[in-house]
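Comments concern the structure below.
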Amino acid sequence: MARRKKHTPEQVVNLLRQIEVSVANGKTTSVSCKEAEITEQTYYRWRKEYGGLQVDQARRLKELESENAKLKRLVSELSLEKLVLKDIAAGNF
C-alpha cells in the first residue's frame with residue numbers, strides 16, 4: 001500500500017496551478033495528475049476545497065479550520081461539565 005503524503009496548503013495550491021497549466025497546454029487531466037503524483041480524485045477534491053485561493057488564503061483557511069475544531073471540542077467539554085454539575089446540584093449522583 002502506498003504511503004500517504006501530507007501536503008501543506010501551499011503545496012496543494014501550487015500543484016493545482018501546475019496541473020491547470022498542464023491542462024491548458026493540451027495534456028489531459030489524468031496525465032497531469034500522474035505527473036504531479038496525485039490521483040484524479042485528489043485533484044478534484046482539492047480543486048473543490050482550494051480552487052481559486054491564493055497560497056496565503058489557503059494557509060489561513062487551514063488555520064481557521066484547526067482553530068474551529070479546537071473551539072468545538074472546548075464547547076462540547078464545557079457542555080458536558082455543565083450537565084454533570086447540574087446532576088450533582090440536583091442530587092442525581
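Some points to look at:
- Placing dummy labels 7 Å off each Cα toward the beta-carbon, the span from Ser30 to Glu65 is 2.8 nm.
- Each Cα pair under 8 Å and six or more residues apart adds its separation to the average, and for the chain the resulting relative contact order is 30 percent.
- Lysine pairs with alpha-carbon atoms under 16 Å apart, the chain, spacing 8 or more or separate chains: 6
- 12 Å beta-carbon shell around Leu61, net charge (K/R +1, D/E -1): -3
- Cα point-scatterer Debye curve for region 9-90, base-10 log of I(q)/I(0) at q = 0.19 Å⁻¹: -0.82
- Near Gln11, once Lys and Arg are set to +1 and Asp and Glu to -1 for all other residues with Cβ below 13 Å from its Cβ, the sum equals +3.
- The local environment of Ser32, defined by Cβ-Cβ distances under 14 Å, has a net charge of 0 under the rule Lys, Arg +1 and Asp, Glu -1.
- Of the DSSP H helices in the chain, those whose Cα atoms cover at least 27 Å axially and whose Kyte score averages -0.5 or more: 55-90
- Label-to-label distance, nm, for residues given as Arg45 and Gln11 (7 Å Cα→Cβ offset): 1.5 nm
- The dipole here belongs to the chain: it is taken about the Cα centre, uses +1 on the Cβ of Lys and Arg and -1 on the Cβ of Asp and Glu, and is about 180 debye.
- Selected from Leu80, Leu64, Leu16 as most flexible by GNM, with the chain as the system and alpha-carbon contacts under 10 Å: Leu80
Read-outs throughout are calculated quantities, based only on the coordinates presented, and are distinct from any laboratory measurement. As the structure is a prediction and not an experimental result, all values here were calculated from the model. Here the Cβ is made from the backbone with ideal geometry for all residues, glycine too, and neighbour counts use every protein chain on show.
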